[in-house]
1. Specify the residue that is modelled with the highest pLDDT; the eligible residues are those in region 190-227 that are more than 17 Å from His73 (Cα to Cα), out of contact with any Ser or Thr (no Cβ under 8 Å at 6 or more places or on another chain) and in a loop (DSSP other than H, G, I, E, B).
2. Just checking, does region 189-203 include any residue being surrounded by fewer than 21 Cβ atoms within 10 Å (Cβ to Cβ), out of contact with any Phe, Trp or Tyr (no Cβ under 7 Å at 6 or more places or on another chain) and hydrophobic (A, V, I, L, M, F, W, C)?
3. Are there strands (runs of 3 or more DSSP E) fully within region 96-184 with at least 3 residues that are surrounded by 13 or more Cβ atoms within 10 Å (Cβ to Cβ) and either in contact with a helix residue (DSSP H, G or I) (Cβ under 9 Å, 6 or more places away or on another chain) or among the charged types (D, E, K, R) (or both)? List them.
4. Filter region 94-123 down to residues that are among the hydrophobic types (A, V, I, L, M, F, W, C) and within 15 Å of the chain's Cα centre (by Cα) and give me whichever is farthest from Lys31 (Cα to Cα).
5. Give me the residue from region 204-222 that is in contact with a strand residue (DSSP E or B) (Cβ under 7 Å, 6 or more places away or on another chain) and farther than 19 Å from Leu168 by Cα and, out of that set, surrounded by the most Cβ atoms within 10 Å (Cβ to Cβ).
6. Of everything in region 78-91 that's in contact with a strand residue (DSSP E or B) (Cβ under 8 Å, 6 or more places away or on another chain) and not in a loop (DSSP other than H, G, I, E, B), which residue is surrounded by the most Cβ atoms within 10 Å (Cβ to Cβ)?
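The values are calculated or read from the model by the stated rules, or taken from the named source; none is laboratory data. Values in this document were obtained by computation on a predicted structure and should not be read as measured data. Cβ placement follows ideal geometry from the backbone for every residue including glycine, while neighbour counts extend to all protein chains displayed.
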Amino acid sequence: MSKIHVLLVTLLVGFVPTLVAAQLSLSSSNKQISLLELYTSEGCSSCPPADTWVSSLKDDPRLWNEIIPLGFHVDYWDYIGWKDRFASPAYSLRQRQYAQQGSVNTVYTPGFLSNGQEWRPWNGRRFLDTSKVKKTGVLNTQINGDKADIRFSPNQISRDNLDINIALLGFDLTSTIKSGENTGKILHHDFVVLGLDNTNLTLDKDEYVGTISMPASQVEAPRYGVAVWVTRTGHQTPIQAVGGWLSLEQ
C-alpha cells in the first residue's frame, strides 16, 4: 500500500478533530475478512492481557487482509474508580445488543467476538483461525478527504437492506492509571475505536453503494487506521470488511 498522507484539522464547532485524508483505496477479496471485536476497559483488572494480545496483531501477517481487530472501550466499569477516556456508552450498548441477539451469553470484559460470534480461545491458544471463512462478496472503499465512497458486490443479491459502518482506529496510545483496579499501571493500547458511524447503502442493480463521513474523535493518537464493514440494517454481525493504515502528514 502506498503511503497515504492525512491531515487532522479541528472544527471550530465543539473543537472536535475530524480526519481529512488523501485518496485511499481499500478492497477485499471475495472471502470474508474476520472482524475481531474486543470489549475492554481501563477500569478492568483482567483486561490488560487481552489489550496486549490485540496489540500483538499489529505484527500478524494477516492484518487487514484476513483480520481486522477493533478495541471497543466500554463505560460500565467507570464507576469503580477510573474513568476510561476511550470509553463510550454507545460501545457498551453495542455489546449489550450482541447479548440480546444471542451472540454472547452475557456482557463482560475482556470479551471477544469474531464476525459477530463470541470467541474465547484468545486466553488459550490465542490463535484466530481464518482458514474457514465464507465467501460473502467484494467490498471496495474509496476514501477522499473526509468522505468514503462504498461499493459492495455480494455473492448473492437477497434484496436485504444493508448498512455501511466505519471506525477510526487509534494506535500507540498510553494511559497512566491513577485509581481503580489498575492503579499504578501504564496501559498501552492499539486498534482503539476512537470514532464510529454508520449509514444506509442503496441497491444499484447488483451492487450496494453509498457514501459515509469519516468519524470524528475527541482523542488524538500517534497513529491511525480505519475499518469499514457491511451489516444488515438492524443487525451488528459483519458481512464483509476492509481496513488499513492512515499515516499523518508531516
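1. Leu201
2. Yes, region 189-203 contains a residue that is surrounded by fewer than 21 Cβ atoms within 10 Å (Cβ to Cβ), out of contact with any Phe, Trp or Tyr (no Cβ under 7 Å at 6 or more places or on another chain) and hydrophobic (A, V, I, L, M, F, W, C).
3. Working: elements: 111-114, 137-145, 147-154, 162-171, 173-176.
Correct list: 111-114, 147-154.
4. Initial filter on region 94-123 (among the hydrophobic types (A, V, I, L, M, F, W, C)): 99, 104, 107, 112-113, 119, 122.
Those left that are additionally within 15 Å of the chain's Cα centre (by Cα): 112-113.
On the way: Phe112: 21, Leu113: 18 Å.
Result: Phe112.
5. Among them, the one singled out is Tyr208.
6. Here is the first cut: in region 78-91, the ones in contact with a strand residue (DSSP E or B) (Cβ under 8 Å, 6 or more places away or on another chain) are 84-88, 90-91.
Now restrict to residues that are not in a loop (DSSP other than H, G, I, E, B): 90-91.
Numbers: Ala90: 12, Tyr91: 23.
Among those that are in contact with a strand residue (DSSP E or B) (Cβ under 8 Å, 6 or more places away or on another chain) and not in a loop (DSSP other than H, G, I, E, B), it is Tyr91.
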